[in-house]
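Report on the structure given below.
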């Protein structure tokens, strides 16, 4: 069973790496290599049981943040980090869900930034008696907090890349056209044009 899980994870990792690289080529502000690897890990997790997104959609985001902050210190860091991960995936991959739930981007970004920022603050840092640098994990979490908006928008492009790759029927095309009409995404517009979809008359 463990070998099968590892094989499945490797297959998904390879697929998502290809999607990320393809998306980065057409994005105005692709993430740096460190952030790309972090996003790759998150996307791979979404294909496996117990992913952060499964936990995030179950309760109001502000309530989840409050509960994470009230958790025992031993588990507070992990709960904050996982909340940041789940909010990033939610804001990036599930924009229609946000719209249906009445959640605007600003609110989602604030929750995600706070979760990552607070998680970073719990990591050991340099002291007056130590010349050690902050841990690499703290640096990564701080960067996730500061670049949350850009990463969320990049993940929306990733979602569009996957949707275009999955387009098989005229119904799929209509759904993507409706998605483009709602978002007016330049990136999705370019993908549709590359597939020969006539969006000029709808502009």
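Quick notes on this structure:
- Conditions (1) farther than 18 Å from residue 12 by Cβ; (2) part of a helix (DSSP H, G or I): number failed by residue 58: (2)
- Answer residue from the stretch 1-12, given it is surrounded by 12 or more Cβ atoms within 10 Å (Cβ to Cβ) and more than 14 Å from residue 158 (Cβ to Cβ) and is modelled with the highest pLDDT among those: 11
- Out of 90, 103, 69, 40, sole residue that is in contact with a helix residue (DSSP H, G or I) (Cβ under 8 Å, 6 or more places away or on another chain), farther than 20 Å from residue 162 by Cα, assigned to a helix (DSSP H, G or I) and assigned by TED's automatic domain parsing to the domain that holds residue 11: 69
- Residues of the stretch 25-36 that turn out to be assigned to a helix (DSSP H, G or I) and either touching a helix residue (DSSP H, G or I) at 6+ places or on another chain (Cβ under 7 Å) or over 22 Å from residue 146 (Cα atoms) (or both), as a count: 5
- When every residue of the stretch 114-134 is checked against the conditions, none turns out to be at pLDDT below 85 and either closer than 19 Å to residue 52 by Cα or part of a helix (DSSP H, G or I) (or both).
- Residue within the stretch 156-172 that is farther than 20 Å from residue 77 by Cβ, out of contact with any helix residue (DSSP H, G or I) (no Cβ under 8 Å at 6 or more places or on another chain) and modelled with pLDDT of 95 or more present: no
Condition check ((1) within 30 Å of residue 117 (Cα to Cα); (2) under 21 Å from the mean Cα position of the chain (by Cα); (3) outside the structural domain of residue 40 (by TED's automatic domain parsing)) across all residues:
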residue	(1), (2), (3)
144	yes, yes, no
162	yes, yes, yes
172	no, no, yes
188	no, yes, yes
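The values are calculated or read from the model by the stated rules, or taken from the named source; none is laboratory data. Computed from a prediction, not measured in an experiment: that's the story for all the values here. Please note: Cβ atoms are built from the backbone with ideal geometry, for glycine as well, and neighbour counts cover all protein chains shown.
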